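What follows is a single structure, written as structure tokens, with notes after it.
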Amino acid sequence: MRYQNDLYQSTNPPKNETNNRPKHLFIGFACATIITISYAFFSEKSATPLPASIALTIPDITTKMEQSGKSDALVTEVDPPETSPHEVSSANAPTQSMQSLSTIWQEHKIASGESLSAIFLSNNLSRLDLNNIIYANDISSKFATIQPGQSLLIGHDLSGNLSHLVYKKSAYAELKATRLEDGSFKVELIEEELDRRINSATGIIHSSLFLDGQNAGLSNNIIMQLANIFAWDIDVALNLHEGDRFSVIYEKLYMGDEFIGSGKILAAEFINQGKSLTAVRYKNPAGKISYYSSSGDSLRKAFLRTPIAFARISSHFNLKRKHPVLNRIRAHKGVDYAARTGTPIKSSGDGKITFRGRKGGYGRVIIVQHGHKYSTLYAHMSKFKKSLRVGSRVKQGQVIGYVGKSGLASGPHLHYEFRVNGVHRNPLTVKLPNASPIQAKYKADFREKSRLLLQQLAQLSSTQVAANELFK
Ligand SMILES: [Zn+2]
């Protein structure tokens, strides 16, 4: 079963990739004037970063091995294979390889701390080309995520102009910019076709989602996804109970027979203190992907409770607080999160930036308006996310700036405010509205696509219960 890889879909709305291996690159290597490039260099796997597992771990209760219903290919057909709207047609293929024949390639090994603009400077590349590449489309900003130790392939045409820029993002994905005739660049993410095998696992909570998830055979990546999917309903660090149960149906990615890593969770169930929560991943015909309950309600809220990851609350919402810098009573109409300078701050909901600038003691501030009723404020930033302006639309979870101590602040922290109809509310306790459910016009499609997954999930759960009874 071969599916088009959709690993990046959730972050890249406009899908602009093809399944074709960059064959013309190889032709280019063979034929062009050569500065030798070792493609083998790129074959090393990028290690999956370990999530901050500590946050999920509740120690001191012994961990038992649970029945882990591992079965390959539990679900044989989940989604019809998708076809990319941008597949390379045979019509333009010859032009591409002609172009490649006259490409002179050069490898630049990325040094620690080296930015793309520094690389352009040191290789005498044009600043204009850099801008044209970075702002080419929604994908192209990924060029800013280049990692030290990796390489950039720089291609010139015979007249010395930059014609290609290629970055091997991972073992199976490559970011590629190609100069078009008008001097602009086309940027695409080219991904290897991966084999998605469907797996399932079940587990019972004895100590923590992290440990019990591992015992059920889940990777850290899948455990984090599971925690995130149910994050609005269950605080996996604080609100798990002995005997809570979970079932997960997820993808394992293979290239040939080689295991590459975990893919996405397709469906999951969590039984928290007897209450069952179900999640199904659904991509609507317009391309929006989210997790929904079996009845099509969103599992997300319209707002993140916390706009910053793994930070410590250093000051609560308190209308009679003594100000630490001013040393007099002054209402604290938000929550402070202590974090290192530079920690990314995320917009807690979808909305529009209505203020971005300095505001007295608040230092660098961004205010986001969410519809008519809600607004959120983020203060003391060290810097703003560059691409954003007043009027920019932002998505929930999108980085808008970075922690700092601008304005009146005793140390680096985020001051976060939540207003409902202009009135300050405690961000930690305010009732958050639900994110939108599946639109009526997609309900039938959702029912059809989720039916099999929900069946499998119910089956997993009942098998687990039966097995559990047996061992009592
Ligand atoms: Zn504050």
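The amide H of A267, built 1.01 Å from its N in the peptide plane, has I249, R281 as neighbours under 5 Å, considering only residues 5 or more places off or on other chains. Hydrodynamic estimate: the Kirkwood radius of the stretch 312-425 over Cα pairs, inserted into Stokes-Einstein at 20 °C and 1.002 mPa s, corresponds to D of 153 µm²/s.
Annotation for the stretch 435-472: chymotrypsin sites (Phe, Trp or Tyr not before Pro) lying in DSSP loop with at most 11 further Cβ atoms inside 10 Å of their Cβ are F471. Each peptide in 195-208, 132-145, 342-355, 423-436 receives the mean, over its residues, of other Cβ atoms within 10 Å, and ordering these scores from highest gives 195-208, 342-355, 132-145, 423-436.
Across the stretch 431-448, rounded Karplus estimates of 3J(HN,Hα) from the backbone phi angles (6.51 cos²θ - 1.76 cosθ + 1.60, θ = phi - 60°) give 6, 8, x, 6, 6, 5, x, 5, 4, 3, 5, 9, 4, 5, 4, 4, 4, 5 Hz, Gly and Pro being marked x.
In the stretch 312-425, Cα pairs under 8 Å separated by at least six residues give a relative contact order of 30 percent.
Across the stretch 183-246, Cα-Cα pairs farther apart than 14 Å form 65% of the total. A convex hull fitted around the alpha carbon atoms of the stretch 337-398 yields 88 Å³ per residue.
Read-outs: derived from the displayed coordinates by stated rules, not from any lab. Here the structure is a predicted model, which means the values were calculated and not measured. Every residue, glycine among them, receives a Cβ derived from its backbone with ideal geometry; neighbour counts consider all protein chains shown.
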